[in-house]
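Everything below concerns the one structure shown next.
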Amino acid sequence: MAAERHPAAPPEVTCRGLSRTFYGRGGAVEAVRPLDLTFAAGETTALVGPSGCGKSTLLRLIAGLEAPTTGRVEIGGETPLAVRRRAGLAVGFQDPSLLPWRTVRGNVALALRLARQPADEEAVARLIGLVGLDGFAGSRPAALSGGMRQRAAIARCLVTRPGLLLLDEPFGAVDELTRQRLAQDLPRLWEARGTTTLFVTHSVTEAVMIADRVLVFSPRPADVVEDVTVDLPRPRRADIALSDAFRALTERVSAALSAGFAAAERPLAAE
Ligand SMILES: Nc1ncnc2c1ncn2[C@@H]1O[C@H](COP(=O)(O)OP(=O)(O)OP(=O)(O)O)[C@@H](O)[C@H]1O
Ligand SMILES: [Mg+2]
């Protein structure tokens, strides 16, 4: 059996005065206005907010894939670039960029090699099973559905045991039942490892099911309109969604989303 590799302790993530403005022919677009945010080590946070409010840009800034216009990000006291260089963080985007000429197994295994970690066929096979792709390990991405590709990409993110996991709508193309199953199984995995996880979702139910904390953003340029602590016990089974506590939390998140929309619409209505 392959020796269990010990993951690094999960980091705290801080954003200080972090903003990003894009300048184009149409003028300046303030995608992220100066934000001060702290994400506790080992906590899972869901980011929800209207389309175009800057969630993906925020994740890309934290991942060091985008340079801030002002402010900075620190991941356990390090810069995103330094953390990314030693494979201390993994990013999963909505559009999974799997290598088309490699099989699912090959794509997941490559992540270990790129992170300069030892090959671990057992870990690769276990994760492929966990995301429900048993039987497809030898398939190439072209032979998979969009949702299956997304799941392969999630396995690829997890295999290197990053301290920080950044997922942008990771279940966007996955069917409802598989989504529910992943929403139950994946948090168990990253809880056991104590990963700091930030994920973007448009599903309020999924946010409450998975997260320790839900941050609700207003339309662009986004402000945090609500910071909801999800103090539901774990592990969370699907039937927790029927509880009063769960319903109260989803209602609070939905109300905050609506309030954000309403606040943003007021100046328009006044015109
Ligand atoms: N590379 C870029 N160049 C110019 N503008 C950009 C760029 N990336 C994002 N934007 C703009 O920044 C704003 C925020 O985009 P972002 O992708 O972060 O939103 P989002 O909250 O992730 O939306 P969605 O929920 O639809 O994915 C949008 O107005 C978008 O047009
Ligand atoms: Mg986005």
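Tabulated data
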read-out	value
Charge dipole of the range 25-87 about the Cα centre (unit charges at C-beta), most positive-ward option of T45, L65, G77	L65
Choice from I154, I240, I210 with maximal GNM fluctuation in the chain (Cα, 10 Å cutoff)	I240
Value of [θ]222 nm, deg cm²/dmol, for the chain, DSSP H segments ≥ 4, -39500 (n - 2.57) each, nearest 500	-11500 deg cm²/dmol
Residues L81, L186 arranged by fewest to most Cβ contacts within 10 Å	L81, L186
Table column - 3J(HN,Hα) (Hz), the range 14-29, Karplus curve with 6.51, -1.76, 1.60, x for Gly and Pro	10, 10, 10, x, 6, 9, 8, 10, 9, 10, x, 4, x, x, 8, 10
Integer Hz, Karplus 6.51/-1.76/1.60 couplings in order for the range 230-246, x for Gly and Pro	9, 9, 7, x, 10, x, 9, 8, 3, 6, 5, 5, 8, 6, 5, 4, 5
Neighbour net charge for V204 - beta-carbon separation under 13 angstrom, K R +1, D E -1	-1
For the chain, size of Cβ-based charge dipole, Lys and Arg +1, Asp and Glu -1, in debye	980
Sorted peptide list for 27-38, 197-208, criterion being average Cβ within 10 angstrom, highest first	197-208, 27-38
Mean separation of Cα contacts under 8 Å (6+ apart) over length of the chain, as relative contact order %	24
Burial ordering of M148, M209, fewest other beta-carbon atoms within 10 Å first	M148, M209
Proxy reagent accessibility, fewest Cβ within 10 Å first, across F261, F217	F261, F217
Estimated vicinal HN-Hα couplings, Hz - the range 90-95 in sequence order (Karplus 6.51, -1.76, 1.60; Gly, Pro = x)	10, 10, x, 9, 4, 9
Radius of gyration, Dmax [the chain; alpha carbons; angstrom]	18.8, 68
Approximate spin-label separation R25-R85, in nm, with each point projected 7 Å along Cα-to-Cβ	3.8
For the range 46-101, Kirkwood radius (reciprocal of mean inverse C-alpha pair distance, Å)	12.8
Diffusion coefficient, µm² s⁻¹, Stokes-Einstein with Kirkwood Rh over alpha-carbon pairs of the range 165-226 at 10 °C and 1.306 mPa s	126
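Any read-out appearing in this document is the output of simple, stated calculations on the displayed coordinates, not a laboratory observation. All of these numbers come straight from a predicted model, not from anything done at the bench. So basically every Cβ, Gly included, is an ideal-geometry build from the backbone, and we count neighbours across all protein chains shown.
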